[in-house]
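For reference, the structure is listed below as structure tokens.
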Amino acid sequence: MNLKIRIHPDEILRKPAEEIKFPLSPNMPRLMRDMFDTVQAAKGVGLAAPQIGKSIRLIVINLEHLDIPIFGLINPKIKNFGGKKLEMEEGCLSIPGVYGMVKRPDQIEFIYQDLEGKKHSAEASGLMSRVIQHEIDHINGILILDKITKYTQGEELVKDSVSKNAKGK
Ligand code: CO
């Protein structure tokens, strides 16, 4: 089922999300599947639960264009950053029409839980690392508006609604 995506400045996007507890609520697998449907329909590379109105620490990653099956991460947390800081253009499904350059470390080590509550650790680099960092920012209430160093599109759309942390001029 396709869910409605919350759009900035919806305040749920600024609220740090709650840790998900185990045993998992019986609704959770269904919610994850609905988030898969939603991110695929929107042609996005990732989606975080606050973006569909649930303030919980759940993200989904959709890099199917790179032949990586869509997946979800429960309670993901970055443990270490590594590699060079790279600048790349990012957009966000919650901030339509706005794009800008965001600098992020290339490599991350992160932990997460699966639907059974089992803890895993993993590493990522490249686009995967960038998307996971973007989605984990969402569950911490952080948006690309806080990190864009230079707008490439749509700066006028955010000018009047920038957060106090925003670095955009
Ligand atoms: Co986003």
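Of all beta bridges that DSSP places with both ends in the chain, some 95 percent have antiparallel geometry.
Fewest Cβ neighbours within 10 Å first, please rank Lys77, Lys43 accordingly.
Going from least to most buried by this count: Lys43, Lys77.
Amide H contacts under 5 Å for Lys147: Lys167, restricted to partners 5 or more places along the chain or on a different chain, H placed in the peptide plane at 1.01 Å from N. If you sort the three axes of the alpha carbon gyration tensor as a ≥ b ≥ c, you get a/c of 1.5 or more for segment 25-169 and a/b above b/c, which makes it prolate. Scalar couplings 3J(HN,Hα) for segment 86-93, obtained by applying the Karplus form with A = 6.51, B = -1.76, C = 1.60 to θ = phi - 60°, are 10, 9, 9, 6, 10, x, 8, 4 Hz; x denotes Gly and Pro. Using only Cα atoms, tell me the angle between helix 126-139 and the longest principal axis of the chain; keep it within 0 to 90° and round to the nearest 10. Roughly 90 degrees, rounded to the nearest 10.
If contacts are Cα pairs under 8 angstrom and at least 6 residues apart, what is the relative contact order of segment 1-143 in percent?
27
Farthest toward the positive end of the dipole of the chain, out of Gln40, Met88, Met1, is the Cα of Met88, where the dipole comes from beta carbon charges about the Cα centre. Cβ crowding within 10 Å ranks Val98, Val39 as Val98, Val39, fewest other Cβ atoms first.
Taking every DSSP helix (H) stretch of at least 4 residues in the chain, weighting each as -39,500 (n - 2.57) and dividing the sum by the residue count yields a mean residue ellipticity at 222 nm of -5500 deg cm²/dmol. Reported to the nearest whole Å, the Cα centre-to-centre distance from segment 1-67 to segment 74-123 is 14. By the count of neighbouring beta-carbon atoms within 10 Å, fewest first, Thr38, Thr152 end up ordered Thr152, Thr38.
Read-outs throughout are calculated quantities, based only on the coordinates presented, and are distinct from any laboratory measurement. Note that this is a predicted model, so its numbers are computed, not measured. Virtual Cβ from ideal backbone geometry, glycine too; neighbours counted across all protein chains shown.
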